[in-house]
Amino acid sequence: MITTGKMNVIFDEEFENIFMALTIKDFNSLGFSFGDSVNITFDNGVELLDVPYYSGYYGFIEQLQLTGYPGDPYIKLARNCGNPTWYEFKMKDNAIAEISLEEKAKYIEVQELFSLEYSNYREDFSSDEIYSNFRELKGGNIKEHYFYRSTSPCDNLHNRASFTDNLIKQHGIRCVLNLSNNEKRYEAFVEKDDFNSPYYDSLYRSGNVLLLQLNVNYHNQEFQKKLANGFMEMTKHEGPVLAHCMEGKDRTGFVSAMILSLAGASYQDIINDYMLTYSNYYNITKESNPKKYEAILDNVYDFLYNIAATKDFRNADLKLGAENYLKKGGLSDSQIKKIEDFINK
């Protein structure tokens, strides 16, 4: 029987999920493989059966899964764009877990459909913009050259921070929505030997980096409140504005979709913007890999379902939907108008 034996759990500070005290390499060396089904038991009595093990956040939204995400220090129990598992399963710092194999390669088709890897070497990309997943938001009545998105200019996990820092300096970014970090995490980046983002740090030291520390669950009220408050705080600053998380993919994707919706952009503008990330990182386009392209579309479709509050987003008023989303986050009509005035020409 393939099993980890008993091991400690560790709190995932960024997403509030459950790290298991095994690296991806060590876990796989025991005989586990991406696409397997596993069972997980905790010493508090929680038993989870038939959990898929993936190399990323795949499958349907809010699905529980064990992930070995590139760059994470350990394997992690998380939900795909769902609530934090640490609180869901009532973990404590001294908790013990054990993982055993349920079925080999049960979810291999999902793993192979969604599995994606990209290079962290600049020479493998045709421009700094593509390497940094950096671009201007365009659509509807949005102010020109005023809203941008990118990978992290401060977290150098994927060797992109200094390149992105140069780009935001070139484009005169004056306010940043940092969607993934708090003060403690940011200062930890600064203390690392490879920190080389002087322009970003100057924005931070002058109070122009807003640390929102959003998790990935844009469905819940905590996310709505943090985003609503972040948008209101943004209006107190001058643009151009940059939104980023770590990779500039999903949290940044949803926030970009909200900004574009408030600007009156079409659903196709939002889809096109989101899918540029997969073209930039993985060279996945509708033409190059139609099967993967269509599978990935479900991610941005879920953004649109939540903004429109209906699966019929093609016929919905996305601007009204985004306004209602911010109302659920606690904002008044006058506050939302202030945000729209900041975003629109």
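Quick notes on this one:
- Test for residue 37: is it farther than 23 Å from residue 92 by Cβ, in contact with a Pro (Cβ under 9 Å, 6 or more places away or on another chain) and modelled with pLDDT of 95 or more: yes
- Residues satisfying the stated conditions in the range 261-281, i.e. assigned to a helix (DSSP H, G or I) and among the polar types (S, T, N, Q): 261, 268, 272, 277, 279, 280
- Residues of the range 282-319 that are closer than 21 Å to residue 258 by Cα, charged (D, E, K, R) and assigned to a helix (DSSP H, G or I): 298, 302, 314, 319.
- Flag for residue 48 being over 29 Å from residue 156 (Cα atoms) and either touching a residue at least 24 places away in the same chain (Cβ under 8 Å) or touching a Ser or Thr at 6+ places or on another chain (Cβ under 8 Å) (or both): yes
- Residue 173 vs. criteria of a type outside the set (S, T, N, Q), in contact with a Leu (Cβ under 7 Å, 6 or more places away or on another chain) and either in a helix (DSSP H, G or I) or not assigned by TED's automatic domain parsing to the domain that holds residue 266 (or both): no
- Residue in the range 313-336 that is in contact with a His (Cβ under 9 Å, 6 or more places away or on another chain) and either under 18 Å from residue 81 (Cα atoms) or of a type in the set (Lys, Arg) (or both) present: no
- Complete set of residues in the range 23-70 that are over 19 Å from the mean Cα position of the chain (by Cα), surrounded by fewer than 21 Cβ atoms within 10 Å (Cβ to Cβ) and of a type in the set (A, V, I, L, M, F, W, C): 24, 30, 42, 46, 48, 49, 51
- Cβ-Cβ under 6 Å pairs, at least 6 apart or on other chains, the range 188-212 side more than 28 Å from residue 223 (Cβ to Cβ), far side assigned to a helix (DSSP H, G or I) and not acidic (Asp, Glu): 195/189; 196/162; 199/169
- For the range 75-99, the set of residues classified as surrounded by fewer than 19 Cβ atoms within 10 Å (Cβ to Cβ) and touching a Ser or Thr at 6+ places or on another chain (Cβ under 8 Å) consists of 98 only.
- Screening the range 155-175 for residues that are in contact (Cβ under 8 Å) with a residue 40 or more places away in the chain and under 15 Å from residue 131 (Cα atoms) and picking the one that is surrounded by the most Cβ atoms within 10 Å (Cβ to Cβ) gives 164.
- Among the residues of the range 184-222, those that are touching a Phe, Trp or Tyr at 6+ places or on another chain (Cβ under 9 Å) and assigned to a helix (DSSP H, G or I) comprise 186, 189, 190, 201, 204.
- Filtered by the rule that a residue be charged (D, E, K, R), within 25 Å of residue 32 (Cα to Cα) and either assigned by TED's automatic domain parsing to the domain that holds residue 277 or within 23 Å of the chain's Cα centre (by Cα) (or both), the range 89-131 gives 112, 117.
- Search result, residues across the range 180-218 that are in contact with a Lys or Arg (Cβ under 7 Å, 6 or more places away or on another chain) and under 20 Å from residue 87 (Cβ atoms): 180, 212, 214, 216
- Selection count where residues are in contact with a helix residue (DSSP H, G or I) (Cβ under 6 Å, 6 or more places away or on another chain) and either of a type in the set (Gly, Ala, Ser) or surrounded by 24 or more Cβ atoms within 10 Å (Cβ to Cβ) (or both), scope the range 260-283: 7
- Pairs with Cβ under 7 Å, 6+ apart, first in the range 71-97 and within 26 Å of residue 120 (Cβ to Cβ), second of a type in the set (A, V, I, L, M) and in a loop (DSSP other than H, G, I, E, B): 71/157; 74/21; 74/22; 75/22; 80/61; 81/61; 81/216
- Sole residue being in the same structural domain as residue 74 (by TED's automatic domain parsing), in a loop (DSSP other than H, G, I, E, B) and over 17 Å from residue 104 (Cα atoms), chosen from 15, 32: 15
- Within the range 223-259, tally of residues that are of a type in the set (Gly, Ala, Ser) and not in a helix (DSSP H, G or I): 3
- Residue list for the range 294-322, restricted to those being among the hydroxyl-bearing types (Ser, Thr, Tyr) and in contact with a helix residue (DSSP H, G or I) (Cβ under 7 Å, 6 or more places away or on another chain): 305
The values are calculated or read from the model by the stated rules, or taken from the named source; none is laboratory data. Predicted, not measured: the structure shown is a model, and the values here were computed from it. Neighbour counts are summed over all protein chains in view; Cβ atoms, including those assigned to glycine, are modelled from backbone coordinates with ideal geometry.
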